[in-house]
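A.B. asks: Sharing a structure below in structure tokens format, with a few things to ask.
Derivation of every value follows stated rules applied to the coordinates shown; laboratory data play no part. The structure presented is a predicted model; accordingly, all values stated were derived computationally and were not measured. Because the Cβ atoms are built from the backbone with ideal geometry, glycine has one as well, and the counts that use them run over all protein chains shown.
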Amino acid sequence: MEDHPIIILANVVCIVFCTIFLAICLKKILSGKLNVLYILYIGLFIFYVVPLILDVFIGKPDYSYYSNFNGFLGLTEAINNPIANILYVLFILVSTVFLFVFGNDKDFTTEDFEKKIENWHSVWLSSLLSIIILLPMLCAILKLGSTGGNFSDLFNYNDLRVLFRIRNSNSFLLYYYLALFSVVSFALRSILLDSNTIKDLFIFALPLFVSFGIHGKRNIIAIFAFLLLFSIIIRGKVKPSNIKYLLIFTAGLILIVSIIYQYTIRGVGKEGDFLRAYTNFRLDYGRDHVLKLALYYRANGRDIIFDESNTLLYIPKKIASLFMDIQTGQKYSVYATSRAMRELSGYNLGWGLTTGIYDEFVSNFGILLGGFLANIGVCLVCYIGDKSNNMFVLLLSYAIGFLLLILQLVSFIYIFIPWMILVIINFLSRRKGAENEIQY
């Protein structure tokens, strides 16, 4: 179904408008400004604006061929609905202005970053991070030894993916997050200790590969690539004039890895049909379709969430059994997936559409209030990161803000909680320090 000329025009206006702000962010980054917003907006552009570019120059995906899932009839309705498309453009435009007005303060420079990390060069920190990097591989070796497995499995990505995998079990989640922290620790080691990145990649190649396999998701590779890129830029290991090429290379590498993963692991694209491969790619990569789905339902006075509960209340239940009595249903992605298939009830299929903060808040609070609260949340992360004098708070702020845009909070809650604890500790320590100065 072709879009109305007015919708195409609206898409083009949004693309041009957002590209201007993207150029501002890139110019700031290339000049050594590292505000959290500048990094996050690149993510917003990739996942929310690039899909509009694809719509204009290639066309919209066709979800109707997913016959096993009722052709994603609800999703098809949403992406072809004129009102949903106009609302989407307005939502992205307003969000862009909102973030730059309220999510940005004075520029935060590479010199400021150096001051935050100048006291973190130590042997014990290097040793601690190295141990964390090695832990997933050590766990895999112990697992293979106890089960009589073949140690060659350490070199096989598919075997590593199922080594600890009892989905949604506490034991699997332990190894899942351990693998993630292993990869993050490698990046932290490079950032804090200013070590030789190429040498470290060679030394820790196998432990990192094992961590990628145990985790089993593509986002760990994207997080790794982003943090490594950040380390290279912040440590001045590449000329400023070459940073733009490094950004393009990293984005292309992540895209290629994603396509290979989809093809080899999930069998997506093996049909040999471009339209189906393109549709699979769009469904997997973009966040435009889930936001349009939420806007479509809200604009038509309908709810994505079946039992009228708030899906944010699912988060405490995820954290501890103490909150199991809270009256709420499933996590948001379960409802979004069911509505995308035009199902009449929300139930967990064991898989689901990938959702982010924007569509979940719109579905929970409405278009205006939900959009306002979601952008306030992103702005707070930017503000906290820029203002913090704690290196770990800053680095986690980059990650938390980026993840909020592309994932539902419950999926990375065990990264969000340590960040919140560090934010509170840092706030209290700064407040105590200020009180002591006043007394003095």
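A.B. asks: Each residue of the range 18-34 in turn: what ³J(HN,Hα) in whole Hz from Karplus with 6.51, -1.76, 1.60 and θ = phi - 60°, glycine and Pro shown as x?
C.D. replies: Here the 3J(HN,Hα) series is 6, 5, 4, 5, 5, 4, 4, 4, 5, 5, 4, 5, 5, 8, x, 8, 10 Hz.
A.B. asks: Distance check, please: which entries in LYS217/LYS292; LYS60/LYS331; LYS33/LYS60; LYS27/LYS331; LYS27/LYS199 exceed 32 angstrom between their Cα atoms?
C.D. replies: Flagged as over cut-off: LYS33/LYS60; LYS27/LYS331.
A.B. asks: In whole Hz, with x marking every Gly and Pro, tabulate ³J(HN,Hα) for the range 425-430 from phi via Karplus 6.51 cos²θ - 1.76 cosθ + 1.60, θ = phi - 60°.
C.D. replies: 4, 5, 4, 5, 5, 5
A.B. asks: What does the highest-first list of 293-299, 386-392 look like by mean Cβ count within 10 Å?
C.D. replies: Answer by packing, highest mean first, reads 293-299, 386-392.
A.B. asks: By how many nm would the segment from PHE372 to ASN150 lengthen if fully extended, with 0.36 nm per residue of separation less the alpha-carbon distance? List each step's numbers first, then the result.
C.D. replies: On the way: separation 222, 0.36 × 222 = 79.92 nm, distance 5.30 nm.
That pair, PHE372 and ASN150, stretches by 74.6 nm at full extension.
A.B. asks: Okay, next question. Take each of the peptides 332-343, 91-102, 144-155, average the number of other beta-carbon atoms within 10 Å over its residues, and list them starting from the highest. It would help to have the intermediate numbers written out before the result.
C.D. replies: Details: 332-343: 23.9, 91-102: 17.6, 144-155: 12.0.
Output ranking for 332-343, 91-102, 144-155: 332-343, 91-102, 144-155.
A.B. asks: For every other residue with a beta carbon closer than 11 angstrom to the beta carbon of ALA140, add +1 if it is Lys or Arg and -1 if Asp or Glu, then tell me the sum.
C.D. replies: Values: positive: LYS143; negative: ASP153, ASP159.
Charge balance in the 11 Å sphere: -1.
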